[in-house]
1. So, in segment B:1-32, how many residues would count as being outside any loop (DSSP other than H, G, I, E, B) and touching a Leu at 6+ places or on another chain (Cβ under 7 Å)?
2. Please note which strands (runs of 3 or more DSSP E) are completely contained in segment B:33-75 and include at least 2 residues that are out of contact with any Phe, Trp or Tyr (no Cβ under 9 Å at 6 or more places or on another chain).
3. Please state which of the following conditions B:GLY168 fails to meet, knowing it meets all the rest: (1) over 27 Å from B:GLY52 (Cβ atoms); (2) part of a helix (DSSP H, G or I).
4. List the pairs whose first member sits in segment B:156-176 and is surrounded by fewer than 16 Cβ atoms within 10 Å (Cβ to Cβ), whose second member is modelled with pLDDT under 95 and of a type in the set (Phe, Trp, Tyr), and whose Cβ atoms are under 7 Å apart, counting only residues at least 6 apart or on separate chains?
5. Scanning segment B:62-112 for residues that are of a type in the set (Asp, Glu) and either free of Cβ contacts under 8 Å to residues at least 40 places away in the same chain or more than 26 Å from A:LYS74 (Cβ to Cβ) (or both), which turns out farthest from the other protein chains (Cβ to nearest Cβ)?
6. Here is a list: B:VAL196, B:VAL207, B:VAL200. Which entry is closer than 19 Å to B:LEU18 by Cβ, crowded, with 21+ Cβ neighbours inside 10 Å, touching a residue at least 24 places away in the same chain (Cβ under 8 Å) and facing chain A (nearest Cβ under 9 Å)?
7. Of the conditions (1) within 13 Å of chain A (Cβ to nearest Cβ); (2) without any contact (Cβ under 8 Å) to a residue 12 or more places away in the chain, B:LEU252 satisfies every one except a single condition; which number is it?
8. Mind listing just one residue for me: the one in segment B:11-28 that is within 12 Å of B:GLY52 (Cα to Cα) and hydrophobic (A, V, I, L, M, F, W, C) and, of those, nearest to the other protein chains (Cβ to nearest Cβ)?
Amino acid sequence: MNLAGQILAAVMGTVGFSVMFSVPREYYPLCGFVGGAGWLVYCLVLPYTSTAEATLAGTVLVVFFSRLFAVRRKCPVTLFLIPGIIPLVPGGGVYWTAYYIVTEQMDLASQKGFEAVKIAVAIVLGIVFVFQVPQRVFRIGTKGRETGKTRQEPKQP
Amino acid sequence: MEGEREVMDVAIEAGHILLENGAEIFRVEETIYRISRHYGIESSNAFTLSNGIFVTADSVGKEPFAKILHVPVGSAHLDRVAAVNQLSREIEEGKFTVSQAREELERIRKMPGKTYRVQVLAAALGSAGFAYIYGGGVTDALAASIAGAILYIYILYVSRPHLSKMVGSITGGMVATLASMLIYTLGLGEQLDYIVIGAVVSLIPGVAFTNAIRDITDENYLAGVVRMLDALLVFFCIAIGVGVVYAVARQLAGGVRL
């Protein structure tokens, strides 16, 4: 696998989605970074595990960086999370499921369909758990730049 | 001192813009609550669904206030979500009077979206990227970018203004597959599968899927489940659209590799 090309393509794709979702222009580089970092981890972990586990690892990183940037730049985490997670969404899995159903290869279809569901569950788990990390963890090193009083949300950025 | 109604109108408008443009339920309710509280209304309550906001306020000695808002969810404009978020933060810092806040919300609502040309280019870029990461080669990525651009033009001019979400997704999947087949037949690209995967990518319900997970995590089950259903339905419709074209091509046989 050509890793550099993979990362470049993931960054391109993520930035493309940032534009389609009207993310403010100054955040394009951060969105690209989040998407690229998630996909890099996915690619590095994949040779040793299943697609679902690699997706979980990628999601954890995507959510972590999304929250970090959201806290540091004081903006909604959604700006980074939605474009950044898209490379990991099982779009390919859904395609192959449809493809095998049409070509009447039901074994392969159910295998791919089940894999897509597992990937989706991995994304859910990654998001659920990294959002439990307390907000102050992401504030480390920002010393007194912000007090709790002016924060937008107590629970999440 | 502004009346309760003016304050609540500003708070609700902020919530409306957030919900309409792809924010989580938690953020919508929290923003309504924070704005109304800052302007002195402690008694406000907001309940939000995926497509509606219910707000009441009942302070002692004032007219009770209630409003129900139907919010059809449009396409995501995350810049507006960011702008309202910033406004709410600055309101809490005391930088806005109620009427200034109302003007600012009006400005946010009118924030220009990206031009169609930029959006189509972004879709082409996205399609190329995803065709490549899902396993295609450079020529496949190139072919996917053209097919993705064709799909997005279809979305902007036909499906978004005229069609329901389901029909739009099914026909979108069909358009993307047909465009990919055409480009493939004309000789660009090596693996049709990856061209199609790249081309349909802009139909993927990324906002609904991610927000659904966030809402369910926040225990806003009702809104979360509706959004998840929305996302699954769109996935399913895309698959039907792609599948129908493949099935027909298979019947006609021979033309395209299957």
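1. 9
2. Counting at least 2 such residues, we get B:65-70.
3. Among (1) over 27 Å from B:GLY52 (Cβ atoms); (2) part of a helix (DSSP H, G or I), the lone unmet condition for B:GLY168 is (1).
4. B:LEU156/B:TYR116
5. B:GLU63
6. Criteria check complete, one pass: B:VAL207.
7. It is condition (1) that B:LEU252 fails.
8. Applying the filter and picking the extreme gives B:LEU18.
The values are calculated or read from the model by the stated rules, or taken from the named source; none is laboratory data. This one's a predicted model, so the numbers in the text were calculated from it and none came from an experiment. We place every Cβ from the backbone using ideal geometry, glycine too, and count neighbours over all the protein chains shown.
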